[in-house]
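Data first, discussion second: the structure below is written as C-alpha cells.
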Ligand code: MG
Ligand code: MG
C-alpha cells in the first residue's frame, strides 16, 4: 500500500534493532509467501475477490494478520489493481482477462511488526510495450534499493527511481503516492517519494526500515481517485505498474526483507503468466 504524500515534517523516525528486523523479516516472509500463493492461482477468469479470500485465509493460517484489512476502512486483505489502476484497487468480481496486468499489494502484521510488498503480474496476452513498462518499473525498484545504504539520503533513492523511469526511459512516476518507513506501524516516517533531488531529505542510517515502491505510468503522471475513496487510476487511462520491497538500511548494501524469489518461482510454474525480470543494471548485485 502506498502512502498519500502529506509532506509531514518533524515526525519521529524509528530505527530498529536486529531483533526487530528479524520480526519484520518474518512478517515479510508471510507477505512473500502470500503473493507467491496468489501467483499460483492467477489465471484469466478468476476474480480479485476470490484471490483476496484465499490470501486472507493463507495469511491467518501462517499466524499473521492482514494489515490492510480495516486500515482506514480498507475492506480487503490485498490491494488488486489492474491495467490503468495504479494502486489501492479493491478486490471485486471482475474476471481477469488474458491481456491484463494485475498489481497485487500485500501487508501483514506478525507479532507487532509489519511487512509490505507488491508485484505487478502480466498475463500471457500482455503486449510488449506494457511488458517494457513492468520491467522498467521493477528495475527502478532496484535502482532505488541500491541507494538505501547508510550515509545516503532519502532523496538519493527518490532521484535514482525518477531518473531511471523518466530520463533513461519514457515513463512518469506518480507523485501523489509514496513509499514509507515501516516497522511497528504499516506507515511510518519518512516518506520515500519516487521523485526528488540527490543529497536531500533524511540521512539514512543503519536500522532504518523502508518500503520502497515505485508506481510508474506508461503515459502521463497524473492520477485521480475513484469515488470509492480508494482506487487510484491514471488520468489518461494508460497502464501503470507497481513493485515494492521492504528493506533495512545497512552500511554496505540494503538488506531486502521481502522475498520476490518465491513469486518468480510461482510465475515460472503458472502457464498463464509471463516471466518478468527487472530491467536494471544493478539487479545482479542484489538478492531477492
Ligand atoms: Mg504495499
Ligand atoms: Mg507500501
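Could you tell me whether any residue of segment 4-23 is free of Cβ contacts under 8 Å to residues at least 40 places away in the same chain and surrounded by 15 or more Cβ atoms within 10 Å (Cβ to Cβ)?
no
If a residue counts only when it is touching a residue at least 40 places away in the same chain (Cβ under 8 Å), within 14 Å of ligand 2 (Cβ to nearest atom) and buried (at least 22 other Cβ atoms within 10 Å of the Cβ), which strands (runs of 3 or more DSSP E) contained entirely in segment 45-151 have at least 3 such residues?
Fully inside segment 45-151 and qualifying: 78-82, 101-110, 113-122.
Take the residues in segment 232-251 that are within 16 Å of ligand 2 (Cβ to nearest atom) and more than 21 Å from residue 23 (Cβ to Cβ), then tell me which one is nearest to the chain's Cα centre (by Cα).
Going through the qualifying residues, I end up with 243.
Within segment 232-247, count every residue that is within 15 Å of ligand 1 (Cβ to nearest atom) and within 18 Å of residue 101 (Cβ to Cβ).
Total satisfying the criteria: 6.
Only one of 219, 207 is in contact with a strand residue (DSSP E or B) (Cβ under 9 Å, 6 or more places away or on another chain), within 23 Å of residue 19 (Cα to Cα) and away from ligand 1 (no atom under 14 Å from the Cβ). Can you tell me which?
Step by step, each of 219, 207 is checked, and only 207 is in contact with a strand residue (DSSP E or B) (Cβ under 9 Å, 6 or more places away or on another chain), within 23 Å of residue 19 (Cα to Cα) and away from ligand 1 (no atom under 14 Å from the Cβ).
Return the residue satisfying two criteria in turn: it lies in segment 93-125 and is more than 20 Å from residue 36 (Cα to Cα) and touching a helix residue (DSSP H, G or I) at 6+ places or on another chain (Cβ under 8 Å), and of such residues it is nearest to ligand 1 (Cβ to nearest atom).
It comes out as 113.
If I ask for residues that are out of contact with any helix residue (DSSP H, G or I) (no Cβ under 8 Å at 6 or more places or on another chain) and not in a loop (DSSP other than H, G, I, E, B), which ones from segment 192-209 would you list?
Hits for segment 192-209 are 203, 208.
Values quoted throughout were computed directly from the atomic coordinates according to the rules given, and no laboratory measurement underlies them. Computed from a prediction, not measured in an experiment: that's the story for all the values here. In this analysis, Cβ positions are derived from the backbone assuming ideal geometry, glycine residues included, and neighbour counts consider all displayed protein chains.
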